[in-house]
Structure formats: C-alpha cells, structure tokens
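Working notes for the structure below.
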Amino acid sequence: MAKIRKGDRVIVLTGKDKGREGDVVRAMPKDGKVVVQGVNMIARHTKATQADPQGGIKRREAAIAVSNVAIKDPKTGKPTRVGFEVRDGKKVRVAKGSGEVING
C-alpha cells in the first residue's frame, strides 16, 4: 500500500512551488515520483505535426519527487506524514498529525 496515491490532495514542501497544493494526477512508485495538477509546470517546445498542425509551446506538469510532497491532513488542512493501522480488519492510511483516516 502506497503512502501517496492518485487522487490524494498534497502540499508541496520544497522547491519553486513550495506551499502550493493540488491533486495527484499520476503516481510512479518505482521512480519515487508523482505528478501534481498545476504544480511544477514546464514549457515544451513542439514542432508542428499532422496530429498537431499548430505546434508551439505546450505547458504541462512535470514529475516531482514524492519526498517533496506531503498529504494534506483532512482535519487540520496542514501537511502531515502518513502511517498505517489496521481498523475493522482493514489496513488503512492514517494521518500522523490528527489520527484521522485518509480516504477510507
């Protein structure tokens, strides 16, 4: 079970987008990276093709290291670490700060 998954609301802890928050669009656990909506935007210069006759500069989100983001605590709204507990026979993710269950 991953500590940060697709759809989680996260807050960026370091880098140029420090303090910004967004939803995880894609999680790449093997690479240790996540893509967060509206965070770590890059500009990609693309040549015109038949599929995209306009070409030009396209902006999109780049991956960010999972260690640079933290889940937003559902109770307090602050960044928190994630732990695991067994509740009602199920393994669930728990916010370390408030003890609240995350998505589940």
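Total residues in region 40-78 satisfying the condition of being β-branched (Val, Ile, Thr) and either closer than 18 Å to Ile11 by Cβ or in contact with a Leu (Cβ under 8 Å, 6 or more places away or on another chain) (or both): the figure is 5.
Within region 48-63, residues that are under 27 Å from Val24 (Cβ atoms) sit with their Cβ atoms under 8 Å from residues that are outside any strand (DSSP E or B), at 6+ positions apart or across chains, in these pairs: Glu61/Gln37; Glu61/Gly38; Glu61/Val39; Glu61/Asn40; Ala62/Asn40; Ala63/Asp31; Ala63/Asn40. Restricting region 89-99 to residues that are at pLDDT 90 or above and not aliphatic (A, V, I, L, M) leaves a set whose member that is nearest to Lys3 (Cα to Cα) is Arg93. Filtering Arg26, Arg44 for residues that are in a strand (DSSP E or B) and more than 19 Å from Ile71 (Cα to Cα) leaves a single hit, Arg44.
For region 27-47, the set of residues classified as touching a residue at least 24 places away in the same chain (Cβ under 8 Å) and out of contact with any Gly (no Cβ under 6 Å at 6 or more places or on another chain) consists of Ala27, Met28, Pro29, Asp31, Gly32, Lys33, Val34, Val35, Asn40, listed by residue number.
The values are calculated or read from the model by the stated rules, or taken from the named source; none is laboratory data. Please read all numbers here as calculations on a predicted model, not as lab measurements. A quick note on method: Cβ atoms are made from the backbone with ideal geometry, for glycine too, and the neighbour counts reach across all protein chains shown.
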